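Working notes, beginning with the structure itself.
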Amino acid sequence: MKVLLIAHGVFFDPDQVVAGNSVRAYYLAKGLVDAGHSVVYIYPHGLAPYAGSTAAAEALNIPVRTYSNPEQLAAIIAWESPDALLVAYWELLADLPEHLDIPLILDLVAPRILEALFQQERDLQHEVMGMLKYYPRADLFLVGNERQRHLLVSWLIMAGIDCREHVPVAVVPICTQPGEHRPSPPGEENGFCFVSGGVSWPWRRTETWFEALAQALARDERWRGRLELLTGSYIYAGDSRRKGGGQKGGTESIGLVRTRSLLPYARMQEYLRTHCHIGVELADRNIEREYSQSFRAMEFLRSGLPLICNDYLQMADLVHKYDAGWMVRSPQDLCALIPHILDSPEQWTAKADNALRLVQEEFDYSRCVEPIVAFLRQPYRPDKGPAVVQVAWSQEGSDRESLPNGKSHLESWKNNLVSLTGKILRKIGPKAKAQENILMVTRADIVPPDHGAAVKIDRTATALSRYVPKVYLLTDDRRRYYTYFQGARSEQRYPFWLRALAPLRSLVRKRARKKEIPEQDAFLYYPLFDFSYILRTLYIALGHSVRIYQAEFPGYARPCLWARSLLGGVVLLAEHNVEYQRLRDQNPNLSLSGYEFVRRTELMLCKQVDQVITVSNEDKQRLIHDGVPAGQTHYIPHGVDLEGFEESESLDLGSLYAISQDETLLVYHGTYLYPPNMEAVQIMAEEIIPLLRQWGIRAQLLAVGPHSPVQSPWPDVVFTGSVQQVAPYLLAADMAVVPLRQGGGTRMKILDYFAAGLPVVSTAKGIEGIEVINGQQAVIVEDTGQDFARAIKSLLDDPDQAARIGRQGRVFVQELDWKIIGQKYLQLVERSSS
């Protein structure tokens, strides 16, 4: 029989970094070919730039095709005349002709509805509607394990598929070709190599587990273990070509942890066999993880690596049954397990053999495809009736006809709806005298304020709320918005009818992709394609008497400008960066058309608003150079919470962390999941502090901030972990150090050090974006450990100079209190209103 396999991935090439869906499709195709069937492989043409060699396809005599639209796909199906279709991604069902006379198999190996719960950019309503509409087209459904089978049955019933006598679901797990030999056992010199990593998905939180593992290894005095993390972006995310980092094999080491770029598939298998010993499949428990099956775990086991996994995974049952690894329930259990593994290397050999046996007996591709082969021998068409849950669905573009002005009927309808809604709201809105309330429009991830942009936006809103009656914060969240009153934040809900007046998020994302905006940054431009931002802006503006609109990032200026045109008022645009310049610098694969779109859009919006605010003079000059009028472009830097420092008292860190009073206490602040911060601490511990000790200076580094190691790998470094307030820690230190060699953004930590009155020694990269004079507010040195250590020693030898620098730093930030920053924003409003 001929099977047409339609996949959402290019054909598998072992010499490239590959996505899991390509591996999955390859072994299904190989199993069918080995069983005597012929296979034709098809995938969307948009993925063609990621394709590699077709040698693997040619070896199996599998033709590879691409299609650009449903019409092309229908033509291929008609030409090939297959006996069955195997579709490897449910959304591809939308591209198929509606009435097909051949059996259709749908592969649902990943629980995508559960993944959508964790992905802000995914529209859950879209997922549900699509599943209920398209599932009835399939005759057999493939899932990865028994849990997924039980999850799917309810969806099939809701979609109208009769499951009373026969449930058309087959368990076909992620399968592979079993390995033949276990790796070489760990040696005395190198010890055990634990390996994990992969693409970082929002539903897979590993930080606590990796930290526990690293700390357990660090406690071993004989240095018999290390952790390797193979990491990188999803290859279809637009920022990673197939031969990118993996081909170069770049690595970065911090203590016992080494981070390595994703490797091409064949090289990864070789690396696992020759360098690694134990696979790690650990993450926080959640609903997606309970139902999923891991490609990563399969590669570890097929390479003969015993597996350490969470006990809640379905895979854990097989690992236990075959004695192919270890199951743990908590990071504490993991810490207790690691010494047992290191002290008993003989048990590894048996578990490695069992890992190979597990794959051979449970996950051999030739056995796993048997349910598909059986179905093809006698296809079964389940009874299908009307869906229990009725849904309305229309393909984007079905109602689009070109208008004389180049706009579609849909686009015209949206604009008319927005304009009409504005007029209605003006009629029925509050009639009270307009107040100087402020509405800030921005991205979704502001609450809680746990990263730089969120801190800046939240603190700005807090400061402004002390000068105007209220400040309102509108984000991408369609359910709620926030009110700031006298420095306090509260939450309010939109009415249901307003939440319903919004396009599907999938359509918004699709329109952004058409403009070739890098996917990881596309959310900053969603307001350009989502008219619900305008409706929500008008709703808040009229309901709360807003007169001032402040867009954080360029794309969010669009709804503000609409509100100004309908209701009047003033629009400010706060530029966190010159975004088109940042996107070009950070995305080497950014297309010319994508760059031109974001550049043209940003400059157009900057010219249309009343005032533009930048956080650095460099950004201001760049915008002016590119055509934004100088008279409406203003530099207002980041702020600092001076009141918090004035009200805080220093801690007794000597008692708290057993630090001797005769030791110099250096301080560094950051989050230690960010590699440049951990590298900075390592530089202090391994290069700078040893030099100071050679010169007779006893020093300790206090590393303040979240996601730090459970136990410090360096005797002269004390990690505090996350702290409620940073001020008491900084006030207790003798000096702040910033030995950063890489990273980006404005260094807000420098302003905190200045607020604490600390003398600061920094690299030029570490103080980038802060306009200070070397030797006055801070000492800036070259990027070498020796120069840095000499600068520290020089200040310690001259306490008066150190004190002067500390005082100058305090004077520098005296005008940067968030309250003063808020006043600067309001001055721009007054200038625009006059």
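Laid out as a table, the results:
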| quantity | calculated |
| --- | --- |
| Selected residue (criterion: surrounded by the most Cβ atoms within 10 Å (Cβ to Cβ)) from residues of the stretch 54-73 that are over 29 Å from Glu115 (Cβ atoms) and either of a type in the set (Asp, Glu) or at pLDDT 90 or above (or both) | Leu60 |
| Qualifying residues in the stretch 686-720 (those that are touching a residue at least 60 places away in the same chain (Cβ under 8 Å), open to solvent by 40 Å² or more (accessible area, probe 1.4 Å) and assigned to a loop (DSSP other than H, G, I, E, B)) - the one nearest to Asp797 (Cα to Cα) | Trp695 |
| Extreme residue, surrounded by the fewest Cβ atoms within 10 Å (Cβ to Cβ), among residues of the stretch 90-128 that are under 17 Å from the mean Cα position of the chain (by Cα) and outside any helix (DSSP H, G or I) | Gln120 |
| Any chance Gly197 is within 30 Å of Leu307 (Cα to Cα), modelled with pLDDT under 85 and assigned to a strand (DSSP E or B) | yes |
| Subset tally (residues that are under 13 Å from Thr763 (Cβ atoms), over 35 Å from the mean Cα position of the chain (by Cα) and surrounded by 17 or more Cβ atoms within 10 Å (Cβ to Cβ)) for the stretch 773-796 | 4 |
| Number of positions in the stretch 129-150 that are in contact with a strand residue (DSSP E or B) (Cβ under 8 Å, 6 or more places away or on another chain) and open to solvent by 20 Å² or more (accessible area, probe 1.4 Å) | 4 |
| Positions within the stretch 1-48 being without any contact (Cβ under 8 Å) to a residue 40 or more places away in the chain and assigned to a helix (DSSP H, G or I), in sequence order | Ser22, Tyr26, Ala29, Val33, His45, Gly46, Ala48 |
| Tally, over the stretch 107-124, of residues that are more than 21 Å from Asp445 (Cβ to Cβ) and either in contact with a Leu (Cβ under 7 Å, 6 or more places away or on another chain) or at pLDDT below 80 (or both) | 4 |
| Positions within the stretch 572-604 being buried (at least 23 other Cβ atoms within 10 Å of the Cβ) and closer than 27 Å to Leu542 by Cβ, in sequence order | Leu572, Leu573, Ala574 |
| Residue in the stretch 403-424 that is among the basic types (Lys, Arg), surrounded by 13 or more Cβ atoms within 10 Å (Cβ to Cβ), out of contact with any Cys (no Cβ under 8 Å at 6 or more places or on another chain) and modelled with pLDDT under 50 present | yes |
| Residue within the stretch 516-524 that is free of Cβ contacts under 8 Å to residues at least 40 places away in the same chain, surrounded by fewer than 20 Cβ atoms within 10 Å (Cβ to Cβ), out of contact with any His (no Cβ under 6 Å at 6 or more places or on another chain) and more than 29 Å from Arg459 (Cα to Cα) present | no |
| Candidate set from the stretch 462-512 (those that are among the hydrophobic types (A, V, I, L, M, F, W, C) and in a strand (DSSP E or B)); member that is surrounded by the most Cβ atoms within 10 Å (Cβ to Cβ) | Val471 |
| Pair list, Cβ under 8 Å, 6 or more apart: the stretch 66-86 residue over 23 Å from Ile372 (Cβ atoms), other residue in a loop (DSSP other than H, G, I, E, B) and open to solvent by less than 60 Å² (accessible area, probe 1.4 Å) | Pro70/Leu96; Pro70/Pro97; Ala74/Leu96; Ala74/Pro97 |
| Per-region count, the stretch 312-355, residues open to solvent by less than 20 Å² (accessible area, probe 1.4 Å) and in a helix (DSSP H, G or I) | 11 |
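The values are calculated or read from the model by the stated rules, or taken from the named source; none is laboratory data. All figures in this text were calculated on a predicted structure; none of them were measured in a lab. Glycine also receives a Cβ, built like all others from the backbone with ideal geometry; neighbour counts cover every protein chain displayed. Just so you know, the surface numbers come from the protein's heavy atoms only, side chains and all, with ligands and any DNA or RNA stripped out. Shrake-Rupley method; radii C 1.70, N 1.55, O 1.52, S 1.80 Å.
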